[in-house]
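The structure appears right after this line, and notes come after that.
The values are calculated or read from the model by the stated rules, or taken from the named source; none is laboratory data. None of the values given here were measured: they were computed from a predicted structure. Neighbour counts run over all protein chains shown; Cβ positions are idealised from the backbone, glycine included.
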Amino acid sequence: MAKEFETRVGAYCVVVRDDSILLCHLRDDWFAKPFGWTLPGGGMELYETPREAAERETFEETGLRVEAGRLLTVRTFSVTAEERIERSRGSVPLLNLQLVFAAEALAGELRDEAAGSTDAAAWIPFDEVPRLKRVELVDDALAAWRGNERH
């Protein structure tokens, strides 16, 4: 077991409108390999609550003001030091903790993030999600939102 590692806490939103979910596309050049679609959200900042982080990140990535509500699920996964070095993202293993909240869109105009980790934001119909290249976070969050968590 690695004695030295970093921890990253991220907060994400499941925002649903009609029969669609709000998703963001991860930039192909942001990582060493492309990952596809994800939930709006991202890393917490110092002195920020998880809900505040989820709301801020969703606004930054989509232009929509949301209110984060009920905690739907908590996920963890680790990235090896070798994978992080390959992606130019660090040199020690990383423990990721992801908090996923149900959220309601309050205001704003949907737009793509200008200069961040994502390059598109879109309302994706539920029946199209299975055909998308997407991160596991999307499937786990949708299962939790539907009430049948996959853990």
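Listing for the model above:
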{"item": "Residues of region 77-94 that turn out to be in a strand (DSSP E or B) and over 24 Å from Trp145 (Cα atoms), as a count", "result": "2"}
{"item": "Residue within region 113-122 that is closer than 16 Å to Arg17 by Cβ, under 13 Å from the mean Cα position of the chain (by Cα) and part of a strand (DSSP E or B) present", "result": "yes"}
{"item": "Residue selected from region 38-67 under the condition free of Cβ contacts under 8 Å to residues at least 40 places away in the same chain and part of a loop (DSSP other than H, G, I, E, B), by the criterion farthest from Lys133 (Cα to Cα)", "result": "Tyr47"}
{"item": "Filter result for the condition that a residue is among the small types (Gly, Ala, Ser), modelled with pLDDT of 95 or more and either more than 13 Å from the chain's Cα centre (by Cα) or assigned to a strand (DSSP E or B) (or both), over Ala141, Ala107", "result": "Ala107"}
{"item": "Unique residue being out of contact with any Ser or Thr (no Cβ under 8 Å at 6 or more places or on another chain), over 16 Å from Phe35 (Cα atoms) and surrounded by 13 or more Cβ atoms within 10 Å (Cβ to Cβ) when the list is Gly63, Gly116", "result": "Gly63"}
{"item": "Test: residue in region 46-57 that is touching a Lys or Arg at 6+ places or on another chain (Cβ under 8 Å) and either more than 21 Å from Ala144 (Cβ to Cβ) or at pLDDT below 95 (or both)", "result": "yes"}
